[in-house]
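The values are calculated or read from the model by the stated rules, or taken from the named source; none is laboratory data. Just so it is clear, the model here is predicted, and its values are computed rather than measured. All Cβ positions, glycine included, derive from the backbone under ideal geometry; neighbour counts span all protein chains shown.
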Amino acid sequence: MIITDIKNNPVRGFFGSNVYFLLSIVVAIPIFIAINAYLDPLLNDSEELSFAATVCFILCLFAGRYICQFWSSTLTFLPKPQILGMCLIIVACMIGFMISGFWSTRLISLSLLLFFISLIIMGFDIGVLVKVIHTVTQNQLTTAQSLAAHSKSELNLLQSQLSPHFLFNTLNNMYGISISDHQKIPGLLLKLSELLRYSVYEATEMYVPLKDEMNYINNYIEFEKIRIGDRLVLTTDIDELTDTNIKIAPMLLIVFIENAFKHSKNTSEDQIFIDIKLKTWGSSILFSIRNSYQKQEQTNTLLQKSGGLGLANVGKRLTLLYPDAYAIDIKNETTYYNVNLQLKMKYDV
């Protein structure tokens, strides 16, 4: 593909294959001018010597760059002692230029010798320095791209698990209802289709409008009201949001809500209690949910396997999507399970 593209585009092929040659010419012009200005007081005809010194400097640059690549190819960070040493060498060469200029009126041969030695060392040192910085930058970029690709693949995998996980739990519950309370099934199927439409078609991006996610949560709550019936004592305080620029990771909060309904429903009490709050405050999204539960049904930590796929999934997604941008607090009270989550808002730019 690359070879064909270069053949089909002669201009691009020329510049691609001769980039170093062109850069050498561009760099050589100011270097020649500077060297010629320096040597002109010493010699009457300094152009030839200035040209030779310029060529020598450019060759030393490439020599330093070539030799350094065997050492710097695996570097992922700048080695501070070596970088400091190379900078000190450049300073020493600058001092050598100054000394050679001071000697110029007395010892021309010695002055030229010191000048060329300093020039060669500086050219080689700058070549090494440029190569190290370039290689480290490229290696860091490659590593970052690799990590980003890995994180994106992991996120895609985690997100792809959400809909099947939700569908499995829901169908499992609907099976029991179809036997004991079958008249609820048509309404449940209608709500279920709305929920699946969102999870399959709309929640495929890394971040979705918070407004859409809130609508999805409200639909799920209505679904659970139909499923559980009069046994449910539910209180909600969910903001009505109109700003579509505020984003959130899709189907993140629903895992906690689903978990609350699941564990509170399995208690032996006549009624189950769930309290849900979802607010926006400043640059944060504040979410809390409190539900009744029995001791054997509790989930002690976010990442315990006993919490199921959903909670393990949301723990990994929080780490990947909100690094240093979330705070979560999970408390087990006597008969209640309480989750408080604070997320930094994402914006559509």
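Tally time: how many residues in segment 185-200 are of a type in the set (Ser, Thr, Tyr) and either touching a Lys or Arg at 6+ places or on another chain (Cβ under 9 Å) or farther than 16 Å from Ile226 by Cβ (or both)?
Total satisfying the criteria: 2.
Could you count how many residues in segment 100-120 are surrounded by 15 or more Cβ atoms within 10 Å (Cβ to Cβ), of a type outside the set (Ser, Thr, Tyr) and modelled with pLDDT of 75 or more?
Here is the first cut: in segment 100-120, the ones surrounded by 15 or more Cβ atoms within 10 Å (Cβ to Cβ) are 100-101, 103-104, 111-112, 114-116, 118-120.
With of a type outside the set (Ser, Thr, Tyr) added as a condition, the list becomes 101, 103, 112, 114-116, 119-120.
Remaining after also requiring modelled with pLDDT of 75 or more: 112, 114-116, 119-120.
Qualifying residue count for the region: 6.
Scan segment 217-256 residue by residue and report those that are crowded, with 19+ Cβ neighbours inside 10 Å, of a type outside the set (A, V, I, L, M, F, W, C) and under 26 Å from Gln342 (Cβ atoms).
Tyr220, Glu224, Lys247, Pro250
Identify the residue in segment 194-215 that is part of a helix (DSSP H, G or I) and at pLDDT 85 or above and, among all such residues, is surrounded by the most Cβ atoms within 10 Å (Cβ to Cβ).
First, the residues of segment 194-215 that are part of a helix (DSSP H, G or I): 194-202, 210-215.
Next, only the ones that are at pLDDT 85 or above stay: 210-215.
Working: Leu210: 23, Lys211: 18, Asp212: 17, Glu213: 26, Met214: 18, Asn215: 15.
Looking at the filtered set, the residue picked out is Glu213.
In segment 310-339, what count of residues is obtained for those that are part of a strand (DSSP E or B) and either hydrophobic (A, V, I, L, M, F, W, C) or in contact with a Cys (Cβ under 8 Å, 6 or more places away or on another chain) (or both)?
So the answer is 4.
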